[in-house]
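The values are calculated or read from the model by the stated rules, or taken from the named source; none is laboratory data. Quick caveat, the model's predicted, so the values are computed rather than measured. Ideal geometry is used to build each Cβ from the backbone, glycine not excepted, and the neighbour counts take in all protein chains shown.
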Amino acid sequence: MRIDCHNDTVGFLRNNDSLERQSGAHLDFERLRTYLDCSFFAVFIDQKKYAADLSGEFSRMLGLLKADIAQAPGVELLLNGSQLDTDPPEKSLILLSMEGASPLGDDGELLDEYFAAGLRALGLTWNYATPYAGGAREGGGVTAAGRRLISRCNDLGILLDGAHASHAAFSDLLRLSRSPIIDSHTVCAAFGDDFGRALTDEELRALAAKGGVAAITFVADFLGAGGSLDRLCEHIEYAVSLIGSEHVGLGADYDGAKLAPELAGVQFLPALYGRLRQRGMAESDLENVKGNSVRRLLRQVLPR
């Protein structure tokens, strides 16, 4: 199964009627149906820009995305693990994710409402502190409200995402969650970490021990060395050698960051698969990296 764990493509709906065909984007529904079986669509609401009505803006963007999906042939929301029982699934699946939990209110009061609307993955923070956790740029661990939110996500079957969390919050999240988690777009700190977003070897091992997945991102600045295809392969290969391919996936960050030209679009995924194979990756490991590792995680965490 082919799964990508992070894109910001929903942002195009602020100025466009549909994601069916967006030639200027890294991803659209037309290419999704060809190159992926499942993709995490993150709804990011800047907590500073929209401070006056975070939940209202999130609801607006969620509504636009759901309405667009309803009109798109061959695409549907991923709501439960049974939709992943067949490989490939009957339709290309979209998992709704919230990138930064500020729209939930001060104590998760809107979580159940958004779960009912289709939310299935959640990051406690986006770089900056929220009522729930410290961010990668500010530090701080999981708060009391964050502990309650984590527990409720576990109860509902919402996948928790450690991306953008501070190192302290990431450690807390691993310890507090009863379910395995994901880091939806990250890199290996062994190659350097100028942005506070890379996972150390210790964090990667702890994530794997919990049963989780590290999804390697394509972001050029995070990868280093220009973010080339081969540099991406090096990060993937390193993670696989350290924690096993069953705990490694892909989280491109399509339409959310600068990617090298040879990676800047979902249509280049087959070239990545081919390069990993050419560099010596076993087919079983490649299948895990392409998406089987994430499929296993989602089937375990999401409601049935």
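Please determine whether any residue of region 30-38 is more than 21 Å from the chain's Cα centre (by Cα) and without any contact (Cβ under 8 Å) to a residue 24 or more places away in the chain. No, the conditions are met nowhere in region 30-38.
The single condition from (1) over 24 Å from Asn288 (Cα atoms); (2) of a type in the set (D, E, K, R); (3) part of a loop (DSSP other than H, G, I, E, B) that Glu90 fails is (1).
Close contacts from region 242-255, counting a first residue that is farther than 27 Å from Ser23 by Cβ and among the charged types (D, E, K, R) and a second that is outside any strand (DSSP E or B) and modelled with pLDDT of 95 or more, with Cβ to Cβ under 9 Å and a gap of 6+ residues or different chains, come to Glu246/Ala208; Glu246/Asp285; Glu246/Asn288; Glu246/Asn292; Glu246/Ser293; Glu246/Arg296.
Residue-by-condition table, conditions (1) of a type in the set (Lys, Arg); (2) in contact with a Pro (Cβ under 9 Å, 6 or more places away or on another chain); (3) modelled with pLDDT under 95; (4) over 23 Å from Ala121 (Cα atoms):
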| position | (1), (2), (3), (4) |
| --- | --- |
| Leu242 | no, no, no, yes |
| Val248 | no, no, no, no |
| Gln278 | no, no, no, yes |
| Leu297 | no, yes, no, no |
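Taken residue by residue, region 202-213 has at least one member that is farther than 15 Å from Ser293 by Cα and touching an Asp or Glu at 6+ places or on another chain (Cβ under 9 Å).
Applying the criterion of at least 1 residues that are in contact (Cβ under 8 Å) with a residue 60 or more places away in the chain to the helices (runs of 4 or more DSSP H) found wholly in region 103-221 leaves 144-156.
Conditions (1) outside any loop (DSSP other than H, G, I, E, B); (2) under 19 Å from the mean Cα position of the chain (by Cα); (3) surrounded by fewer than 14 Cβ atoms within 10 Å (Cβ to Cβ), marked per residue:
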| position | (1), (2), (3) |
| --- | --- |
| Phe40 | yes, yes, no |
| Ser55 | yes, no, no |
| Ser59 | yes, no, no |
| Leu62 | yes, yes, no |
| Leu65 | yes, yes, no |
| Ala70 | yes, no, yes |
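Looking at region 103-118, is at least one residue more than 18 Å from Arg304 (Cα to Cα), surrounded by 21 or more Cβ atoms within 10 Å (Cβ to Cβ), in contact with an Asp or Glu (Cβ under 6 Å, 6 or more places away or on another chain) and not charged (D, E, K, R)? So far as region 103-118 goes, no, none of its residues is more than 18 Å from Arg304 (Cα to Cα), surrounded by 21 or more Cβ atoms within 10 Å (Cβ to Cβ), in contact with an Asp or Glu (Cβ under 6 Å, 6 or more places away or on another chain) and not charged (D, E, K, R).
Outside any helix (DSSP H, G or I), surrounded by 23 or more Cβ atoms within 10 Å (Cβ to Cβ) and not aromatic (Phe, Trp, Tyr), is that true of Ala252? Please lay out each step first, then the result.
Details: outside any helix (DSSP H, G or I): yes; surrounded by 23 or more Cβ atoms within 10 Å (Cβ to Cβ): yes; not aromatic (Phe, Trp, Tyr): yes.
Judged against the criteria, Ala252 is a match.
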